[in-house]
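First the structure, in the form of structure tokens, and then the observations on it.
The values are calculated or read from the model by the stated rules, or taken from the named source; none is laboratory data. Small disclaimer: the values here were computed from a predicted structure and weren't measured. Here the Cβ is made from the backbone with ideal geometry for all residues, glycine too, and neighbour counts use every protein chain on show. Ligands, DNA and RNA are stripped out before the accessible areas are found, and what is left, the full protein with its side chains, is counted by its heavy atoms. Shrake-Rupley method; radii C 1.70, N 1.55, O 1.52, S 1.80 Å.
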Amino acid sequence: MMTKIKKVVTQFFQTIAATFKANYTKASYWAQIIGSVLVIGLAIATVFFNVSIDTNTVLLIITGVGALLAF
């Protein structure tokens, strides 16, 4: 059972590494990563730290980061 889990985890990390090697020079790849980190961070802040999220501020930040990555 542990061997099967280890194999699946190894394949998962190999897939992530291959994706990174193929896309690390693309701005859209980094925009996706930053967006994912922002969304996960906002979710964690909301649940664990009672942070109220202003939708307009979130959209402004995501748009600003996207604009910076576009150049």
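Quick notes
- Restricted to region 14-40, and to residues there that are at pLDDT 85 or above and open to solvent by less than 50 Å² (accessible area, probe 1.4 Å), the residue that is farthest from ILE62 (Cα to Cα) is ALA17.
- Candidates are the residues of region 34-71 that are over 12 Å from the mean Cα position of the chain (by Cα) and of a type in the set (Ser, Thr, Tyr); the one that is farthest from PHE20 (Cα to Cα) is SER52.
- Filtered residues of region 41-56 (kept if polar (S, T, N, Q) and either in contact (Cβ under 8 Å) with a residue 12 or more places away in the chain or surrounded by 11 or more Cβ atoms within 10 Å (Cβ to Cβ) (or both)): THR46
Each row is one residue, and each column tells you yes or no for (1) among the hydrophobic types (A, V, I, L, M, F, W, C); (2) outside any helix (DSSP H, G or I); (3) within 16 Å of GLY66 (Cβ to Cβ).
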position: VAL8; (1), (2), (3): yes, no, no
position: THR19; (1), (2), (3): no, no, no
position: ILE34; (1), (2), (3): yes, no, yes
position: GLY41; (1), (2), (3): no, no, no
position: ILE44; (1), (2), (3): yes, no, no
